[in-house]
Every structure is written in C-alpha cells, then in structure tokens.
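Note sheet for the following structure.
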Amino acid sequence: MIQFLTRRVLLMLLTLFVVSVLVFTMSRIQGDPRTMFMNRGVTQEMWDAWGKEMGLDKPLPIQYLVWASKAARGDLGDSLWERRAVTTSIFEKLPATVQLGFTTFLFSVVIGIPLGVLSAVHRGTVVDLIGRFIAVTGQALPPFWIGLMLILVFAVWLDWLPAAKKGGLDSFILPTITLGWLFAASILRLVRSSMLSVLDEEFIKLARAKGVHNTSVIWKHAFKNAAAAPLTYSGLLLAGLCTGTVVTESVFGWPGIGRLSIDAVLQNDFPMLAGLVLLFTLLFIIGNLVVDIVLALIDPRVRYS
C-alpha cells in the first residue's frame, strides 16, 4: 500500500509541475507581460522598473523558478481587473462554488445510485424504462436550457423559488437540480451498466443458490463489485463541481469561481486565469488521488495493477 501511495503522489507532483510549466509558457508566448500595464503615461524608467520587479531581466528558467516559488507560497500576483491579490479574489468566491458543488454532488448520488441499481435489478420492466428515460434526458438536455425552464416555471409562473442570486436554502434548489440532472443521469447509467455485468456473474448465482437474502446479494455482493466505475466518476465529479460550473453560475448569477473565470477571460486577466488553472488542476489531482486510495481499500487488486 505504501508503494501504491508513493507512486500516486509522485505522479500527482509530476502532473502539477507539467501544468505549471505550461501556464508559465503561455504567459510568455503571448508577449511581454508588461504590455498588459501599458497606458499613455508609461515612461522608459517605469518600463524598466516593471521588468526588474517581474524578473524579466533574468533568463527564462530563472523566471520560472521565481514564479513557481511564489505560486507555491500562495503569491499569484495581483489581478489586472480587480486590482487586488489573485488569491484574495479566488478564496472569496470559492466558498459559494463549494457549497453549490457539494449540494449538487449529494443530489446526483442520492438520485443516480438507487435508480441505477433498481434499473439493473428490474431490467426490462417499467422501472428500467423510467431509469433509462432519465438517463437519456439528463444526457441530452443542456444545463442552460434546464435552468431557464426551471426559472420560468418555479420562479416566474409559480413564484415559489428565487430566480437568481445566492441567498437562503431555497436559492440552492434550482441551480442544484440544473447542475445535478446531468451528473445524476451519468451516475445512473454507469451504475446500471456495471450492475448488469456483475449480476450475471457466477458468484452472484452461487450466493442466490445458498439462500442469501436478495437485499444482501444486491448491495453487499453485486454493488460492491460494481462500484469501481461509479466511484471513479463520482470522485472526479466532486472535484469538477468544486472548480466551478460556468454555465449554471452564469444562468443563476451565482457568485462563484465559475463566473470569476468568465470575467477573467473577458478582461484578459492572465494572473487570475493562471491562478484558476492551477487551482483547478490541484483539485482534480487531489480528487483523483482520493479515488485511487478508496478503490485500493475496496479492491486490493487495484494496488498491485
């Protein structure tokens, strides 16, 4: 197990290093970073002072080491648009996205896993048809359309729920359903396909022949062996939800890092974009590592593969 974790951690560090090199390279490919501060009042003395402050008078490898060392300490520079530290802006917006992502994750798992299991156990029945219909519609309908329809029905026509902005618990309902519909459908489809393949295995037939209760057969024997694919997707799903949901946050005016990413792109705010890319990468890497550890604990064969 120690060797397994060591390999995963080393791979995680290598991935983070490669991403940091790519981010730094893109910042230099687009030209001199000082041009982003250009205006009519810039003098040659100011231009040279900026170059010295940014370390542009040093070779590129040294520039990367300086930038990476600052990023490792949480110093990502100042936002060109908001005129304040990048980390301050990110950590100000991150809690709203994490809250929405966590509620969406719970909604997706609570809806997707039971429906996937029921659809597989009752294959070919009305329950299976309902499950497959939810999976197809969830995969086919775009989230922005679902969000607009939910706003039209429940906020405009019925006036039951707020249409936008983050407020009380009722403000989470519409964006959670909008964002979670797609992921619940994906989890349902993965659970159903995995359960169908496991339910036909010989050890399931043996358990039934020995008189094991049907509930125990389904959840203890079948679902445990079919959980690898849904669990992998769920871990990456949680990381993805915590890194911002651009479309949903835009539709509902949610003050998270998804909207912050759009603003950074529209304003050509490269320091903010670099910070967000590094944050997204780190969260996905951590999510992937957690999934690998959980899978290794569930199935010991994984740690030797």
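Please give the FRET efficiency for T43 paired with W157, using the beta carbon to beta carbon distance and R0 = 45 Å, rounded to the nearest 0.05.
Rounded to the nearest 0.05, the efficiency is 0.15.
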**Request:** Taking the Cα centre of the chain as origin, sum charge times position over the Cβ atoms of Lys and Arg (+1) and Asp and Glu (-1), and report the length of that vector in debye to the nearest 20.
**Result:** 900 debye
**Asked** Of A207, S261, V246, which is farthest on the positive side of the dipole of the stretch 188-305, counting Cα position, with +1 on Lys and Arg Cβ, -1 on Asp and Glu Cβ, and the Cα centre as origin?
**Response** A207
**Prompt:** Taking the chain, how many lysine pairs are there with alpha carbons less than 17 Å apart, if each pair must be eight or more places apart or span two chains?
**Reply:** 7
**Asked** So how much accessible area does H122 have, in Å² to the nearest 10, using a 1.4 Å probe?
**Response** 80 Å²
**Message:** Taking a ≥ b ≥ c as the square roots of the Cα gyration tensor eigenvalues, with a/c under 1.5 meaning rounded and otherwise prolate when a/b beats b/c, else oblate, which class fits the stretch 12-168?
**Reply:** prolate
**10 Å Cβ shell holding at most 10 others, DSSP loop, trypsin sites (Lys or Arg not before Pro): longest site-free stretch of the chain** = 211-300
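Please identify the helices of the chain, taking whole runs of DSSP H, that span at least 30 Å along their own axis as judged from the Cα atoms and have a mean Kyte-Doolittle score of 0.0 or higher.
Span-like helices in the chain: 2-29, 86-121, 173-199, 270-298.
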**Prompt:** Can you give the relative contact order of the chain as a percent, counting alpha carbon pairs under 8 Å and 6+ residues apart?
**Reply:** 26 percent
**Asked** Over the stretch 85-203, what lengths in whole Å, largest first, do the semi-axes of the equivalent ellipsoid take, defined as the square roots of 5 times the eigenvalues of the alpha-carbon gyration tensor?
**Response** 33, 19, 10
**Prompt:** Among Y64, Y233, what's the order by accessible area (1.4 angstrom probe), most exposed first?
**Reply:** Y233, Y64
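Return a whole-number percent for the relative contact order of the stretch 75-220, with Cα pairs under 8 Å and 6 or more residues apart as the contact set. Mind showing how you got there, number by number?
Details: 131 pairs, mean separation 43.0, N = 146.
Relative contact order comes out at 29 percent.
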**Request:** Could you sort 108-119, 287-298 so that the peptide with the highest average Cβ count within 10 Å comes first and the rest follow in order?
**Result:** 108-119, 287-298
**Item:** Volume of the Cα convex hull of the stretch 171-263, divided per residue and given in Å³
**Value:** 94 Å³
**Request:** Any chance you could run the full-extension gain for L148 through I298? It's 0.36 nm times the residue separation minus the Cα-Cα distance, nm to one decimal.
**Result:** 49.9 nm
**Dmax and Rg, reported as Rg then Dmax, of the chain (C-alpha, Å)** = 24.2, 86
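Work out, step by step, the length gained on full extension between A229 and L282: first 0.36 nm times the residue separation, then minus their alpha carbon distance; give nm to one decimal.
Values: separation 53, 0.36 × 53 = 19.08 nm, distance 2.19 nm.
Gain on stretching A229 to L282: 16.9 nm.
The values are calculated or read from the model by the stated rules, or taken from the named source; none is laboratory data. Since we're looking at a predicted model, the values are computed, not measured. Don't worry about glycine lacking a Cβ; one is built from the backbone with ideal geometry, like all the others, and counts go over all protein chains shown. Just the protein is used for accessible areas: all its heavy atoms, side chains included, with ligands, DNA and RNA removed. Shrake-Rupley method; radii C 1.70, N 1.55, O 1.52, S 1.80 Å.
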